[in-house]
Amino acid sequence: MIIEELTSQAFLEGLTKTETVLVPVGATEGHGAHLPLGTDSFQALDACRRLAERRSLFVAPPISYGVCRSTSQHPGTLSIRTETLKSLLMDVVDALYRQGLRNFVVLSGHAGGTHNAVLIDAGECLLSRLPEAKIAVVTEYDLAAEEGKGLIETVGDSHAGEIEASRILATRPHLVKEGAVEAYPAFPKHILVRNKQAYWPSAVWGDPSKASAEKGRKIEEVVVDALERLVVELEEFVEPAGC
């Protein structure tokens, strides 16, 4: 059940079937010269919608802004502050909780370390505020890392490379441009830099030339299968007494 497509009555009827909601979180950031700025948001939303076709659950409207440190200077990247992302996610979950939802899976299509640390921090704060809430925070990359690794040829593929190019080729081929080549960032270890684009001009971390729509469909299937297992685990999860 896609919340933004429901009427109020349909939403109420949905609450008689489930208290579970998926919250897709992405980003609007540079993904090389070949992929759209909304790549991360598309991937998270697509996975959530696919799972909603399999089982009764709600899918919240996506949060399409994230914390994008490494790509912050690339054209089109719209990075927000950590405190903004934390407040936004907490407000969204608060609102969903007031409407009767209790099981929350926050799925991030953006794998940035700072970004996802903020999502986890928000989740921890929400646990202390919402006594009946159960919360999971996970990235698509984490869901697919183990089972999906046999599908990928590029060692260390991460951003705008084989994985993400394959996903968008499978779902939105009209948005994929030609000419992408293998590239990797060259940031100095431990040193923070102002001119981030100088150390990662391509915004590619991997080899998009090895991408294919077939791989993209298989990767998405792995993600959706793993997401479904997480939903079941969360719905059945019971914390020990005293927590």
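The values are calculated or read from the model by the stated rules, or taken from the named source; none is laboratory data. In this text the structure is predicted, and so the values were computed from the model without any measurement. Neighbour counts run over all protein chains shown; Cβ positions are idealised from the backbone, glycine included.
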Return the total of residues in segment 2-39 being closer than 27 Å to Tyr97 by Cα, hydrophobic (A, V, I, L, M, F, W, C) and touching a residue at least 12 places away in the same chain (Cβ under 8 Å). 9
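Which residue out of His115, His74, His110 is farther than 26 Å from Pro240 by Cβ, crowded, with 17+ Cβ neighbours inside 10 Å, more than 18 Å from the chain's Cα centre (by Cα) and touching a residue at least 12 places away in the same chain (Cβ under 8 Å)? Can you show your working first?
Details: His115 fails: more than 18 Å from the chain's Cα centre (by Cα); His110 fails: more than 18 Å from the chain's Cα centre (by Cα).
One residue alone meets the criteria, His74.
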Residue list for segment 194-216, filter: surrounded by fewer than 16 Cβ atoms within 10 Å (Cβ to Cβ) and touching a Phe, Trp or Tyr at 6+ places or on another chain (Cβ under 6 Å): Tyr199
Which numbered condition trips up Leu227, out of (1) among the hydrophobic types (A, V, I, L, M, F, W, C); (2) surrounded by fewer than 14 Cβ atoms within 10 Å (Cβ to Cβ); (3) under 22 Å from His110 (Cα atoms)? (2)
Taking the criterion of being part of a helix (DSSP H, G or I), among the small types (Gly, Ala, Ser) and either crowded, with 19+ Cβ neighbours inside 10 Å or in contact with a Phe, Trp or Tyr (Cβ under 6 Å, 6 or more places away or on another chain) (or both), would at least one residue in segment 87-105 satisfy it? no
Suppose the filter is closer than 20 Å to Ile120 by Cα, assigned to a helix (DSSP H, G or I) and not basic (Lys, Arg); does Leu22 pass it? no
Do the conditions hold for Ser8, that is, is it at pLDDT 95 or above, among the hydroxyl-bearing types (Ser, Thr, Tyr) and closer than 24 Å to Gln197 by Cα? no
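Restricted to segment 118-138, and to residues that are in contact with a strand residue (DSSP E or B) (Cβ under 7 Å, 6 or more places away or on another chain) and under 30 Å from Ser72 (Cα atoms), which residue is surrounded by the fewest Cβ atoms within 10 Å (Cβ to Cβ)?
Filtering segment 118-138 down to residues in contact with a strand residue (DSSP E or B) (Cβ under 7 Å, 6 or more places away or on another chain) leaves 119-120, 123, 126-127, 133-138.
After this cut, where a residue has to be under 30 Å from Ser72 (Cα atoms) as well, the list is 119-120, 123, 126, 135-138.
Details: Leu119: 25, Ile120: 15, Gly123: 19, Leu126: 19, Ile135: 20, Ala136: 17, Val137: 23, Val138: 17.
Per the criteria, the residue is Ile120.
Within segment 174-192, take every residue that is assigned to a loop (DSSP other than H, G, I, E, B), of a type in the set (A, V, I, L, M) and surrounded by 12 or more Cβ atoms within 10 Å (Cβ to Cβ) and give me the one that is modelled with the highest pLDDT.
If we filter segment 174-192 for residues that are assigned to a loop (DSSP other than H, G, I, E, B), which is where we start, we get 176-182, 184-192.
Right, trim to of a type in the set (A, V, I, L, M) and you get 176, 180-181, 186, 191-192.
Of the ones still in play, those that are also surrounded by 12 or more Cβ atoms within 10 Å (Cβ to Cβ) are 176, 180-181.
Details: Val176: 97, Ala180: 87, Val181: 89.
Within segment 174-192, the match that is modelled with the highest pLDDT is Val176.
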